[in-house]
Amino acid sequence: MSVTHDAPIQVRNSAATAQRPAVRGWPDIDNPAAWIVAVILLIMPLIANGFFLIEIFATTLILGTIALSLMFLAGYGGMVSLMQLTIAGFCAYMVAVFGVSGNANISLGWPWWLAVPMALTLATLFGTLGGALAVRTEGIYTIMITLAIGAAFYYFTNQNWAIFNGHTGINNVATPHFWDVDWRADIPFYYVVLAIAALCYFAVDYISRAPFGLALQGVRDNPRRMAALGFNVNAHRVAAYAVASFIAGLAGVLQVWNYRQISPGSVSVGACIDILIIAVVGGITRPVGPYIGALVFVLLRTFALDFLVKIGLDGNRFRLLIGLGFLAIVFWSSDGVIGLWQRWRRSHRLQPDPAGGGRRHG
């Protein structure tokens, strides 16, 4: 049976009752905060220097896009995948292998407009095959299988010299240069990252309301009932992995262009878990959550070391602050920063009215 089905009414009735994530109108043009954030992101090159533009905001958008692929699987499909960074890293490696780099004995020298589509195709196929294995399990076993795939890829890249150049990786990867523009220069690259992150965000937001997204949420909530209605549960899940893999692959292309190199350290097991932390800290019920979590993570990773040194502690313990922040957010809100924000808004919308003694709406 195909992924789509000729009974969309039943899917809408089943999926619309899902409590997470909530179905909202699209696009959300009535939210002034969204417009403010959009304007700030557009004018960011005017108010931020090169360090903040690339190391903070561009890196946030890249990591947020990888975490967005995890949010799509976990939030809408109920599948927690720890191999999303692995897929992004695989795509980054393929860009370096098919494109131009300082390792001429490994790279094939293709132009970027051929290397990138090939890398995205292979990364999507890689993630889809991994998802086909993962959907045969549920819960903790899905997490373990995807983590095992990530760990296996990390050790393989470390030990393989013919394709991945071992632990040194592939350096001096060429970046696009056309229309007399160096697209890796700070401002052009920032807008490229912003555009791709926005496309991925709106794509996920749209898919969540499309028939496929509603059916996927129905599969998440009650797979037995969806199967009884005639839907192919595994096909929907594998298709979700394909979509998430393509999104992660796009972020992988940006990642290798950002650093101009890729090495096994970029796809380590610890880095894979960092993506899970980013998604959970931001919140896995809405597409904006991963970007919020990525901003928190990047700020802590960038400035926590200096903060620890100033107070007389070992700067190498910066991950301690990241861990404490993660525990604090999860302890106070199961839905991350988004949950804290929604709780704060509810508490201020419904407050006792000093004049009437009742409640007023904010």
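On the given criteria, is Tyr93 within 21 Å of Asp205 (Cα to Cα) and among the aromatic types (Phe, Trp, Tyr)? Working first, answer last.
Details: within 21 Å of Asp205 (Cα to Cα): no; among the aromatic types (Phe, Trp, Tyr): yes.
It is false that Tyr93 is within 21 Å of Asp205 (Cα to Cα) and among the aromatic types (Phe, Trp, Tyr).
Here's the yes/no breakdown for (1) under 19 Å from Ala58 (Cα atoms); (2) among the hydroxyl-bearing types (Ser, Thr, Tyr); (3) out of contact with any Leu (no Cβ under 9 Å at 6 or more places or on another chain); (4) crowded, with 21+ Cβ neighbours inside 10 Å:
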site: Gly230; (1), (2), (3), (4): no, no, yes, no
site: Ala235; (1), (2), (3), (4): no, no, yes, no
site: Ala240; (1), (2), (3), (4): no, no, no, yes
site: Ile247; (1), (2), (3), (4): yes, no, no, yes
site: Ala251; (1), (2), (3), (4): yes, no, no, yes
site: Gln261; (1), (2), (3), (4): yes, no, yes, no
site: Gly265; (1), (2), (3), (4): no, no, yes, no
site: Val269; (1), (2), (3), (4): no, no, no, no
site: Ile273; (1), (2), (3), (4): no, no, no, no
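Scan the range 163-180 for residues that are in contact (Cβ under 8 Å) with a residue 40 or more places away in the chain and either within 17 Å of Pro45 (Cα to Cα) or in a loop (DSSP other than H, G, I, E, B) (or both) and jot them down.
Ile163, Phe164, Asn165, Gly169, Asn171, Asn172, Val173, Ala174, Thr175, Pro176
Being open to solvent by less than 40 Å² (accessible area, probe 1.4 Å) and more than 11 Å from the chain's Cα centre (by Cα) is the filter here; which residues of the range 283-298 pass it?
Gly283, Thr285, Phe297, Val298
Listed here are the residues, each with its yes/no results for (1) crowded, with 21+ Cβ neighbours inside 10 Å; (2) touching an Asp or Glu at 6+ places or on another chain (Cβ under 6 Å).
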| position | (1), (2) |
| --- | --- |
| Met44 | no, no |
| Gly50 | no, yes |
| Glu55 | no, no |
| Thr59 | yes, no |
| Ser69 | yes, no |
| Leu85 | yes, no |
| Gly131 | yes, no |
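I'd like the full set of residues that are open to solvent by less than 60 Å² (accessible area, probe 1.4 Å), among the aliphatic types (A, V, I, L, M), closer than 17 Å to Ile56 by Cβ and touching a helix residue (DSSP H, G or I) at 6+ places or on another chain (Cβ under 7 Å), limited to the range 160-197.
Those that are open to solvent by less than 60 Å² (accessible area, probe 1.4 Å), among the aliphatic types (A, V, I, L, M), closer than 17 Å to Ile56 by Cβ and touching a helix residue (DSSP H, G or I) at 6+ places or on another chain (Cβ under 7 Å): Val193, Leu194, Ala197.
The values are calculated or read from the model by the stated rules, or taken from the named source; none is laboratory data. Given the structure is predicted, the values throughout are model-derived calculations rather than measurements. Using ideal geometry, Cβ is built from the backbone for each residue, glycine included, and neighbour counts are taken over all protein chains shown. Areas reflect the complete protein model, heavy atoms only, side chains present, ligands, DNA and RNA absent. Shrake-Rupley method; radii C 1.70, N 1.55, O 1.52, S 1.80 Å.
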